[in-house]
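What follows is calculated from the coordinates using simple rules that are stated; it is not laboratory data. None of the values given here were measured: they were computed from a predicted structure. Glycine gets a Cβ as well: all are built from the backbone with ideal geometry, and neighbour counts include every protein chain shown.
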Amino acid sequence: MEAYSLYATKLDAFLERLAPEGGKPDVPAIFHAVRNIRYASRGNRTPEAVLDNNEGSCSGKHILLRDLLRRAGETADVEIVEGDFAAGMPEVETMSEPLRRWVRDGGIHDFHNYVVWRGPVRELKLDATWSDAMAPLGFPVNAGWAGEGDTQLALEPYGVKMRVEDVIFHKGRLLTTLSEDEAEDRRAFLELLTNWIAENQ
């Protein structure tokens, strides 16, 4: 209970910074605030780590986005989909050759997260993976989202679609289904990607 209370306090402080005077932050403001947290995959998927380190993976960032939206009175869930994470990225000159090769050829089997928000008309998919700093590098940052329509996903899903409350547990379980080679390629790719992003932001 104490840990949750501390986390809830951090969520409230985050929302308070976004709120107009005498009001509460709207969904686009919350989405873009989380989206502009730097992407990094360092093994810790908790939303608390995202808040503490101002960086996080797609899992941590989207759990945080879900929890912030719920705290603001919205209905939101995290969805997990299967796809090729590398194939959805642009090749950039400053990437190392191994990273560029994976981006060119694809082949990084992964399980991606985004938030499904119940908007005024229908459910909308909100992908907050990439910050504005990635826009000049050609990444789909979703900077123009103003509350209507789905955002562009960081990968093209081809399998596994589930909404779960305990995202970290279920993602971890799904990752155990990868072959040894797939898991090692994923680990190496995410390490190279995280280091490259840190050098370019």
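I need the trypsin sites (Lys or Arg not before Pro) found in the range 79-139, filtered to DSSP loop residues with at most 14 other beta carbons within 10 Å of theirs.
Arg122
Would any residue of the range 42-83 have its amide N under 13 Å from a label point 7 Å out along Cα→Cβ of Lys161? List them or say none.
Under 13 Å, as judged by backbone N against the label point of Lys161, lie 79-83 of the range 42-83.
If the only charges are +1 at each Lys and Arg Cβ and -1 at each Asp and Glu Cβ, what is the size of the charge dipole of the chain around the Cα centre, to the nearest 20 debye?
Its charge dipole is roughly 400 debye.
Can you list the residues, at least 5 places off or on another chain, whose amide H is less than 5 Å from the amide H of Ile108, using H built in the peptide plane?
Phe85, Ala86, Ala87
Zone of Leu174 (label point 7 Å along Cα→Cβ, backbone N under 19 Å): which residues in the range 40-78?
40-47, 56-67, 76-78
How much of the DSSP bridge set in the chain is antiparallel, in percent, rounded to the nearest 5?
Antiparallel: roughly 90 percent of the beta bridges in the chain.
On a full-extension model of 0.36 nm per residue, what is the gain between Asp52 and Ala143, subtracting their alpha-carbon distance, rounded to one decimal in nm?
30.4 nm
Compute the distance from the alpha-carbon center of the range 81-122 to that of the range 147-185, in whole Å.
Answer, in whole Å: 11.
Report the extension gain between Ala188 and Arg122 in nm, rounded to one decimal, defined as 0.36 nm multiplied by the number of residues separating them, less their alpha carbon distance.
Roughly 19.9 nm would be gained on extension.
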